[in-house]
Amino acid sequence: MAMTARQRARVSLYVQAGIFVVAIAALILATDWETIGNSVFNFGKIGPMFPGIFVTGLVNTLIYTFLGFIVGLSGGLLLALMKLSSFPLYRWIATGYIEFFRGIPALLVFIAFGYGVPLAFGVSWNITVIVMISLGMVASAYIAETLRAGLQAVPKGQLEAARSLGMPQWRAMVTIVIPQAFKIVLPPLTNEVILLTKDSSLIYVLGLTASQYELTKFGRDGISSLGAGLTPLLVAGAFYLVITIPLSFLARKFESRTARSNR
Amino acid sequence: MNDVVNNSRGGTATVHAAGVEIKDLRKSYGSNEVLKGISLNVAPGEVVCLIGPSGSGKSTLLRCVNLLEQPNQGSIHVGGFEATDPDVDIDKMRRKVGMVFQQFNLFPHLDAKRNCSIAQTKVLKRSQAEADKVSMHNLERVGLGHLSDRFPDQLSGGQQQRVAIARALSMDPELMLFDEPTSALDPETVGDVLSVMRNLAKEGMTMLVVTHEMGFAREVADRVVFMDGGIVVEEGVAEQVISAPTQARTKEFLRRVLDPTHIDIEE
């Protein structure tokens, strides 16, 4: 008995649903619920994390991310302009920088600036400065590529029109090209902020004092002090989502706005 | 250069009109020579139309005049500037030279009035109030005073091109360059742009226009220059070049342009 296309589609759907239900059931049966309850979802013991994780952890994560982003954006813009420069040396420097910092783990950059640079130059930097520089240097490599694409997406005629009106090159870039490029890159730039928020978790390697804790360090600290297993990390993770989900919502909003109008 | 221009188009106006002198201009892209020694003079207040097939170098020539393209050889004088002098202050020279592009190139993030005022405030250092006044005056001049708060994407092609003309005029240029200003327009909006240009010509503006609009060239231009293959093939009084060309290549080109449905069997 041959089936119609519609019947075949329905049978296929039932089979898929069946596989999904079996997989979930197997996962539930295989889980050691007692251990999970004690060491992952043990919300009874995490009281001492509050309000610290909020007023210190969340706030510090936001501050570190913001500072890193400011440095990353300025550095990224400079690198993007260098990469598009007609002067070869600038292009080489920018390309080298971008490839280097995109190619090594951010963790190594934190260690280098947290321990290597102070040792090598005999300086002792404030932790905020270290975070700002290391996070910013990593971010600038990624942001530079995003901005370069944005600058190149602005039609050449825009620069020509601006120059024809007597604007010097720098003025035409600042007044006409860069504002349009930023509008184009707003969605990918928002995604950079999300990545940066998560990269800020690597600060834990720097040996922070209690008032400098950000979310991840707060969670790791809770693991050793609260006896609730990994639950504190779960809480920290939830706080990251509090930051990142609105940001990706914002990115989508920018995206649809750019799609609607080129203003 | 504050000449009272009394020109053949019947208008009399006081404008700061600059002339252009181009001598033996050459320009190559790699091994491809697109301008093979062009000499052309445009007197203050004169309107000259450049015509010719695509690839003849007419747009390149126009773009050399305000140095959007760097010529390889020869000299260009615009007003009091020698454009081809390596030490020329390009930005200062360009303030005197308005440019209108085929693709309008309005700034999409600024409304019509800001499009006209941005270079006035940033380059000429006019106050915002003064710049707005000049912008409104020029938008009204092109018949778009009522649309000054519209953004480019809210305007038709013809309206955008008129804003682009107003934007160039707002810098008080002494010479206007038009690079195929109506080629990207819907047919029904071409007339508005041409009539703005006709008025500008009557006011005594020096204009160098690359165009395929033979009707406009015949009516408005003092002189028509026919280019082909990077050289000036024929030039003269507009009516004469268009109605009674002497060179074979000019005749052939005009026959194709004026009668596009004509089918040449031998091709």
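Between B:16, B:137, B:109, the Gaussian network model of chain B with springs among Cα atoms under 10 angstrom shows the greatest mean-square fluctuation at B:109. Counting only aspartates and glutamates at least 8 places from residue B:27 when in the same chain, those with an alpha carbon closer than 16 Å to its own are B:69, B:85, B:228.
The radius of gyration of the Cα set in the protein assembly as shown, together with its Dmax, comes out at 32.7, 101 angstrom.
Close amide-amide hydrogen proximity is noted between residue A:46 and no other residue 5 or more places distant or on a separate chain, at a cut-off under 5 Å (H modeled in the peptide plane; Pro and chain starts excluded).
For residue B:99, the amide hydrogen comes within under 5 Å of the amide hydrogens of B:177, counting only partners 5 or more places away or on other chains and with H modelled in the peptide plane. Taking chymotrypsin sites (Phe, Trp or Tyr not before Pro) across region A:148-214, none is in a DSSP loop with at most 16 further Cβ atoms lying within 10 angstrom of its Cβ.
For peptide B:98-111, how many partner chain Cβ atoms fall within 10 Å of a residue's Cβ, on average?
5
Gain on full extension, evaluated as 0.36 nm per residue between residue A:43 and residue A:9 minus their Cα-Cα distance, stands at 7.8 nm.
Considering only lysines 8 or more places apart in sequence, or on different chains, count the pairs in region B:110-267 whose C-alpha atoms sit under 25 Å apart.
Lysine pairs satisfying the spacing and distance rule in region B:110-267 number 7.
By DSSP, the beta bridges lying fully in the protein assembly as shown are antiparallel in about 60 percent of cases. Report, in degrees rounded to the nearest 10, the 0 to 90 angle that the Cα long axis of helix B:248-258 makes with the longest principal axis of chain B. Around 50 degrees separate the two axes. Taking every full run of DSSP H in chain A, the ones that stretch at least 30 Å from end to end by Cα along their long axis and average -1.0 or higher on the Kyte-Doolittle scale are A:5-30, A:59-83, A:127-153, A:231-260. Note on residue B:179: accessible area approximately 20 square angstrom, rounded to 10, probe 1.4 Å, nucleic acids and ligands left out.
Take the Cα pairs of chain A, get the Kirkwood Rh, then feed it into Stokes-Einstein at 37 °C and 0.692 mPa s and tell me D in µm²/s.
149 µm²/s
Taking only alpha carbon atoms, region B:28-121 gives an Rg to Rh ratio of 0.99, where Rh is the Kirkwood radius. Computed 3J(HN,Hα) for region B:76-83, one whole-Hz value per residue from the Karplus formula 6.51 cos²θ - 1.76 cosθ + 1.60 where θ = phi - 60°, is 10, 10, 10, x, x, 9, 9, 4, glycine and proline marked x. Taking amide H as placed 1.01 Å from N in the peptide plane, the amide H of residue B:228 sits under 5 Å from that of B:233, each at least 5 places away or on another chain.
Partners of residue A:198 within straight-line reach, counting aspartates and glutamates whose Cα lies under 13 Å from its Cα and excluding those fewer than 8 residues away in the same chain: A:214.
In this rough spin-label picture, where each label sits 7 Å from Cα along the Cβ direction, the residue B:137-residue B:89 distance is 2.3 nm. Taking 32 Å as the limit for the C-alpha separation, the pairs A:183/A:217; A:183/B:92; A:253/B:96 exceed it in the case of A:183/A:217; A:253/B:96. When the Cα convex hull of region B:132-243 is projected onto planes of every orientation, the mean area is 7.8 nm². Taking chain A as a Gaussian network, Cα atoms linked when under 10 Å apart, which of A:248, A:211, A:201 shows the biggest mean-square fluctuation? Answer for the Gaussian network model of chain A: A:211. Average 1/r across all pairs of distinct alpha carbons in chain B, invert it, and you get the Kirkwood radius: 19.1 Å.
The values are calculated or read from the model by the stated rules, or taken from the named source; none is laboratory data. Please read all numbers here as calculations on a predicted model, not as lab measurements. Note that we place each Cβ from the backbone using ideal geometry, even for glycine, and neighbour counts take in every protein chain shown. To get the accessible areas, we keep the full protein, side chains included, count just its heavy atoms, and leave off ligands, DNA and RNA. Shrake-Rupley method; radii C 1.70, N 1.55, O 1.52, S 1.80 Å.
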